[in-house]
Structure formats: structure tokens, C-alpha cells
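For reference, the structure is listed below as C-alpha cells.
The values are calculated or read from the model by the stated rules, or taken from the named source; none is laboratory data. This is a predicted model, so every value here is computed, not measured. FYI the Cβ positions are ideal-geometry reconstructions off the backbone, even for glycines, and counts take in every protein chain you see.
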Amino acid sequence: MPELPEVETVRRGLAPVMEGGVITRLELRRPDLRFPFPERFEARVAGRRIEALGRRAKYLLIDLDDGETIIAHLGMSGSFRIEEGGGERLPGNFHHARSKDEKHDHVVFHLQTAAGPMRIIYNDPRRFGFMHLWKRTQLDAYPAFVGLGPEPTGNILDADHLARRFSGKIQPLKSALLDQNNIAGLGNIYVCEALWRSHLSPLRASGTIVTPTGRPKKQLVALTQAVREVIADAIAAGGSSLRDHIKTDGTLGYFQHSFFVYDREGTACRTPGCAGTIQRVTQAGRSSFYCPQCQR
């Protein structure tokens, strides 16, 4: 499943084309994806101007001029591509084939933009993605957003926030970081990378990096900074683009070439001066990659 940097990459790719455009027609080529489309979806968005593209956790937010927001999730294999006029817009170097089998083109946004007509096509071979329509003023009440923690890209995420969440907890750090009530949108890959950068074991109890008075220890300060940095680095690199994920221009991101620990079981730890070997353990059904020697 695309993680937060992949979704942010998609948002940044779509925003220059979609923002300010008018949806002349929404074309649905099937009645549902993972879930049924909103009732009267085509009619409700036809003629609406797209004011902004946002993101909350791993969800794309397409704000319309009538106060409603299209909430889109890419699922396992969803991707967007941009077609301009009569031809496909390909502004990048393509190192890998992307899915463009038309039988998997399930949603088409027909737009009128300042640059002319555009088509934004949502392709999803596995159909685990979905789209909902929600009042923008009530986004906090959207089921997936209720109780959601701060974004790892925003200024709200700091060590004091995590100290309040982790204090007194025996929950392993890996599980605590994946808890969306603690941090929104943080996924398995980047948790592994952040823990490696901060030299903390995924098995360590989260409460051990908080003082008895509830203040963050230096390890938690380092972890918070590592979370912010690994997400920023991944966004700058265009996301990790594992498996089916692609950017909106069809190119793949290359952060996976910078993985220090994820999916590197049996290889030498890259921490300078460390002679350890990366190991994999399973936690709550997910693989954790870490160095037992330098991550404590």
C-alpha cells in the first residue's frame, strides 16, 4: 500500500493540473471500487471547480467550490495519470512500465483548465482504492480521521506530543509509531527507517524513552527528528514506489535506493563503526528490520 510520501508525491503531481480546473464530467466505468461510489457522484461534482488538493495521512483530499471534498484512497495499486488534449502527458523519464491497461481505468475526471481540456484517469487493477464525498467543514468526523494524530510533516509533531502518548506504555516502539492515533499516516517502511536512524529497537517499550515525570528523553527527541527527516527525504525523492505505486507522470520514486534497513535482512548495518547484521522480526503480522547491535 502506498505510504504517506507516495500519496504526497501524487498530490504534488496532480495539484498544478487539477487546482482551478472545472470538472466538466466525471466518468465512472464501474459502480464501485473497494466500496460503492457516493450516491449521484457524477451529478454532484459535475460543474464544480477544484479549489485545492490536500492530504490527510494517506488520503488525497480534492476540495470543491461547493464546500464538499472528494476523499480518495489509492488502496494497494491505485494510480493517477494525466492526459492533456488528445495525447498523454509524459513529462518524465520512464524506467518502468506503469499500469495503463484501459480495463483498469475506473474513474476519469474530465477537466477544463486554463491550459485547456485535461483528463485525470484513476487506474486500479486490484480495486482496493475508493472515493468518498464529504462536507469539508465536517472532515474531522470522517470515520478514518476521528482521533487521527498529527502529520509527521507538520510542526505539531514534536517530542512533547509523543511523550504524552508514550508515557507509562509497555507497547513496543514499532507498534506505537504505527498507531495512527499517535502519528497520522506513518507506515511500516518509514517506521523501520526512523528507528534505525535514531538507534532505537522496534522491540523496545515506548515508555522507556519518557521520564517518570512525562518528559521526553533524548532518545525520544532523536526519534521525533528522525521521523520528520525520513518522511521529508522520501517526499523529496518521490516516494519509495514499491510494487505497483507510480507517480502521476508515470515515473517511479527512488527513495528505495536509500533504504538503510528496510528489506535488507542479512546485510551489514550501515551505521558507521557498527559490525552488526540487519535482522527481520515479525511484529503484529508485519516485518520489522533492525540492527540488534546498534539499535537498543
The residue that is surrounded by the fewest Cβ atoms within 10 Å (Cβ to Cβ), considering only those in the stretch 181-216 that are at pLDDT below 95 and part of a loop (DSSP other than H, G, I, E, B), is Gly187
Taking the stretch 92-114, which residues are modelled with pLDDT under 50 and surrounded by fewer than 11 Cβ atoms within 10 Å (Cβ to Cβ)?
-> Asn93, His95, His96, Ala97
Write out, first by first residue and then by second, each pair whose Cβ atoms fall under 6 Å of each other, whose residues are 6+ apart or on separate chains, and whose first residue, in the stretch 56-77, is modelled with pLDDT of 95 or more and aromatic (Phe, Trp, Tyr) while the second is buried (at least 19 other Cβ atoms within 10 Å of the Cβ) and not in a loop (DSSP other than H, G, I, E, B).
-> Tyr59/Ile71; Tyr59/His73
Which is part of a strand (DSSP E or B) and at pLDDT 55 or above, of Arg264, Arg280, Arg270?
-> Arg280
Out of all the residues in the stretch 26-38, is one or more touching a helix residue (DSSP H, G or I) at 6+ places or on another chain (Cβ under 7 Å) and farther than 16 Å from Lys135 by Cα?
-> yes
